[in-house]
Amino acid sequence: MSESVVIVGGGPTGMWLACELRLAGVRTVVLEQDPEIDPNSRALTVHARTIETFALRGAHQDFLAEGGRIPSGHFAVLDDRLDFRGLDTDFPYTLTIPQARTTELLQRRAVAMGADVRRGHRVTGCADTGGTVTVSVDGPDGAYVLDAAYVVGCDGTRSVVRGCAGIEFEGTRFTALGALGDVVLGDPPSGPVTSRWTTRGTFMLVPLSGGRHRIVVHSPEDVRDDWPGELALEELRERVLRIAGTDYGMHSPSWLSRYSNTSRVARQYRKGRVLLAGDAAHQHMPMGGVGLNVGVQDAMNLGWKLAAVVSGRAGEGLLDTYHRERHPVGDDTIEHTQAQTAIMSVFSPEGTALRSLLGKLIAERPQLNDALAQRLSGLSVTYSLPGRRHPLAGRRAPNLRLSDTEHLFDLLRDGRPVLVDFARVDSFGLDGLSSDGTAARLDRYRCPRPVERSRAAWAGVSAALIRPDGYVEWASDETAADALAAEAADAVATLHHPQPGNPPAERDHA
């Protein structure tokens, strides 16, 4: 049996990638070794850029209906939380929703779109033969083999796919741990989030569904490079009591776990016909709840590119841009999660002074609050696009209002790039722009009237080409008709055949 794409791993990253591939009509199989979705949710947070990612496909409403909205976030559990309300997005908040539910919602969408999701099917090996990838699977009814045009490893930090491909996972071993428990509280505090840092340790408490709460603890005894064994309820209780002065009457744990700040990034996100996304590509301390979000955004970047290559609309060089664009994001994620770990782990008067100073700087400088909030939310990610000179190129496009009834995100629901004519000058000729087979899925939109654009960066834009993942491929302020038409034609022609770019500078993770 031959499939176009096999995705190994059925978490949020794998499921969103399956949705993107099916949106473009690509045959897709998802192989997940667990027979059921794991009810223990390490991730609870969906950030603004991930909500935007779902909104680009009209898939966000269930998340908005179920998730608790918190207009702030923490950086290293500083006393003053980052204010998200000023973010340039329709969703200036985080959503609290268990990873298990996120997986369930995305799996439901993937199956409805025609993805073949196989739970209880464990991948035991894969081999890139040059023309295809052979995937060995141990299923409920025995072993079998799939031949795929491409395989994407979304199978976590212990990725079988990454190992089979021989891709190095470079980084540092842990120097700090954390502990978490999902418990019932007899005397819970009020409010959506409770957090505290003292020289005795730090903890965070978040309400879950079903009357449970997530408690997360990091204490001086966690600054270590050896593994102390399984976490027990009494250990968690003792730590919370020591830090908060109460254990909130905790009992009946459904999950107790430890985690670490082991930090690694795959040397290559693509090797031949094998690609990596999510935790298979990067591992880090779960600070700020960014991990799930970075994985989903990996999938969004990869999905339209892989679909275009498999469908013959693009050359394989387009897949190289996946590594070029997303590998630096993995590096950046490790940098800021490790920085937060360091700030949290100095349990001394010096640590108190450091946290106090940082808190004051953030409070006194709104631009610092905004910069950190944008980083955590994923809104700050910018891609380097060789040959594109406009300041908007490589940046995410906000959900601009285009008419009384339409916004920019509405135009991207089908996963096609959109060429938007903002200026509506007839002689631009954008409506009649011809496209060859490689850009056959291009949509064109001519604003019904001049658009009022409150965002200064967009005020003078005459036309823009928006990629399926919501990033600006090309924009122009040109007003001369012939010059603008020539620029637009070049942008459309090169969308699926990008110029080669220098690989990102490698950071030493050793």
Residue list for the range 377-412, restricted to those being surrounded by fewer than 20 Cβ atoms within 10 Å (Cβ to Cβ), assigned to a loop (DSSP other than H, G, I, E, B) and charged (D, E, K, R): Arg389, Asp404, Glu406
Surrounded by 22 or more Cβ atoms within 10 Å (Cβ to Cβ) and either over 24 Å from Ala363 (Cα atoms) or charged (D, E, K, R) (or both): does that describe Thr28? yes
Of the listed residues (Arg158, Arg109), the one being free of Cβ contacts under 8 Å to residues at least 12 places away in the same chain and out of contact with any strand residue (DSSP E or B) (no Cβ under 6 Å at 6 or more places or on another chain) is Arg158
Are any of the residues in the range 24-41 free of Cβ contacts under 8 Å to residues at least 40 places away in the same chain and within 25 Å of Thr337 (Cα to Cα)? no
Does Phe63 qualify as being of a type in the set (Phe, Trp, Tyr) and either outside the structural domain of Ala24 (by TED's automatic domain parsing) or surrounded by fewer than 21 Cβ atoms within 10 Å (Cβ to Cβ) (or both)? yes
Which one of Ala491, Ala464, Ala456 is under 26 Å from the mean Cα position of the chain (by Cα), among the small types (Gly, Ala, Ser) and either under 17 Å from Leu408 (Cα atoms) or at pLDDT 85 or above (or both)? Ala464
Complete set of residues in the range 104-120 that are of a type in the set (Val, Ile, Thr) and closer than 12 Å to Phe63 by Cβ: none
Residues of the range 134-156 satisfying the condition of being in contact with an Asp or Glu (Cβ under 7 Å, 6 or more places away or on another chain) and assigned to a strand (DSSP E or B): Thr134, Leu146, Ala148
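The values are calculated or read from the model by the stated rules, or taken from the named source; none is laboratory data. In this text, all values refer to a predicted model and were calculated from it rather than measured experimentally. When we count neighbours, we look across all protein chains shown, and the Cβ atoms used for this are built from the backbone with ideal geometry, even at glycine.
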